[in-house]
Amino acid sequence: MNCLEFRRVALAEPRRLEAEAARHAEQCDACKEFLVRALEDEARLARALRVRAPEGLRARLLDRTAAARRSRGILALAASLLAAVAIALVLAWPRNDPLALAGIDFVVFEEAQAILEAKPADPGELRRVAAQLGVALPAQLGELRYIGPCPFQGSTGQHAVVKTAFGKATLMLLPDRPLASRAVASAHGLEAVVVPAAGGSVAIISGSSRSLEHIEMLLKSS
Amino acid sequence: MLGSRQAAFEAAVGDCLEDLYRYAYWLCRDRWQAEDLAQETVLRAWRGWPGLREHRAVKGWLFTILYREFARGTGRRRLHVVPDDELHIEPQDHADPALAIDVDRALRALGEESRHALLMQVLGGFSCAEIASALGASEGAVMTRLTRARQALRRTLQPDAGREAKEG
Ligand SMILES: [Zn+2]
């Protein structure tokens, strides 16, 4: 383990250093110093987050009738006043679905590595998985720039990068991830939509919402 | 009278409730909403309790339920989240209000995913792998978020960190 790797690990999980990292800190004074500071920071952070819990919290939380009683109390008034605002907000608030978010994370943090490490592409496998999901991949999608398997949340999907008329998009065919209904997310300047497919789902991730719409429409009409 | 199911449930979740509340508090930045969210979580946990196999992992389970409740966005509580630019720190709730204000500001400046991962780790004591499975992200992505989050927080937590960074 080199110093850079050590610092990454120490900042990701300062209180649970694995043996290799601990050995590095023992032998490297700069990293030992770095770790000491990271642990000091961690202690201050934990202290700052330790907001005082309200009196009687435990009793209220464990009393299963407490919620009902409180809703009849003063909060009911506040709730009704806020209801109109809440309705307006719920309509406007885009919800981030965890699976769709994970698709964005894949593109941001892992796609480049997946492409670098990929073995020679096997278009047959992509088509086989697409057929399994009941999805066709029409030529109008755009130019397939890359295809390959991708490890995704404990299973393997098929990963394709498509160049559409509106920009680059990533397609992930996920045969092991069934989905009840269409889900969306947006983060890191990317948008993702995951659509249910036979026995699994298909995630589309792109920086361009037009590109997303274009692909989703083509997949639907296929 | 306390049934044996309730007694077992209380024994298991009782120690986690304050941290659960704190997690809710930093997610929605409001005492009342935090307690509501924690209440909803405990009710759901109570209903799901008979089906939970690993009773020792109860804290992770509670945090995951709470996070999902928060993210679900259907309840009022999701909508009461205090906007990022509003100050919500009430001095009596914090041992060190000045630090809490700085940390609050620094947390707001982080991305939502980084903030969630950091709160789960510091308040819940979870590993990167556990956070990854709770948030539905990859472990590598969670590590990256946490690393960035702590880097960003260094300046807040240690005023002299800038100088140190140049030396090291
Ligand atoms: Zn070193």
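Between B:Arg68 and A:Ala131, the distance separating the two model label sites (each 7 Å from Cα on the Cα→Cβ line) works out to 3.6 nm. Ignoring aspartates and glutamates fewer than eight residues from A:Lys168 along the same chain, the ones with Cα atoms less than 17 angstrom from its Cα are A:Asp105, A:Glu110, A:Glu111, A:Glu143, A:Glu191, A:Glu213, A:Glu216.
Between B:Ser4 and A:Gln140, the modelled label-to-label distance comes to 6.5 nm, taking each label 7 Å out from Cα in the direction of the beta carbon. Per residue, the stretch A:98-221 exposes 47 Å² of accessible surface when a 1.4 Å probe is rolled over the protein heavy atoms with every protein chain present. Ligands, DNA and RNA left out, the 1.4 Å accessible surface of the stretch B:95-168 is 50% carbon and sulfur atoms. Interface burial in the stretch A:1-35 reaches 40 Å² or more for A:Arg8, A:Leu11, A:Ala12, A:Glu13, A:Arg16, comparing the full protein assembly with the chain by itself; accessible area from heavy atoms with a 1.4 Å probe. To put it simply, the accessible area of the stretch B:1-65 at a 1.4 Å probe is 49 percent carbon and sulfur. The accessible-area loss of the stretch B:102-132 on complex formation, taken against its chain alone with a 1.4 Å probe, reaches 50 Å² or more at B:Glu113, B:Val122.
Would you mind telling me the share, in percent, of accessible area of the stretch A:98-221 contributed by carbon and sulfur at probe 1.4 angstrom? The value for the stretch A:98-221 is 56 percent carbon and sulfur by accessible area.
If the only charges are +1 at each Lys and Arg Cβ and -1 at each Asp and Glu Cβ, what is the size of the charge dipole of the stretch A:98-221 around the Cα centre, to the nearest 20 debye? Walk me through the intermediate numbers first.
Details: 10 positive and 11 negative charges, 58 e Å.
Dipole magnitude for the stretch A:98-221 comes out near 280 debye.
Just grab the label-to-label distance for A:Arg8 and A:Val36, each label 7 Å out from Cα along the Cβ direction, in nm (one decimal). Taking the two extended label points, one gets 2.6 nm.
Probe radius 1.4 Å, ligands and nucleic acids left out: can you give me the accessible area buried at the B-A interface, summed over both chains, in Å² to the nearest hundred? All intermediate terms of the calculation are to be shown ahead of the outcome.
Working: alone 10100 and 14800 Å², together 19340 Å².
Result for this pair: about 5600 Å² buried.
The values are calculated or read from the model by the stated rules, or taken from the named source; none is laboratory data. Treat the numbers as computed from the prediction; the structure is a model and nothing was measured. Quick reminder, even Gly has a Cβ in these numbers, built from the backbone with ideal geometry, and neighbours come from all protein chains shown. The protein model used for the area step is the full one, side chains on, heavy atoms only, and it has no ligands, DNA or RNA in it. Shrake-Rupley method; radii C 1.70, N 1.55, O 1.52, S 1.80 Å.
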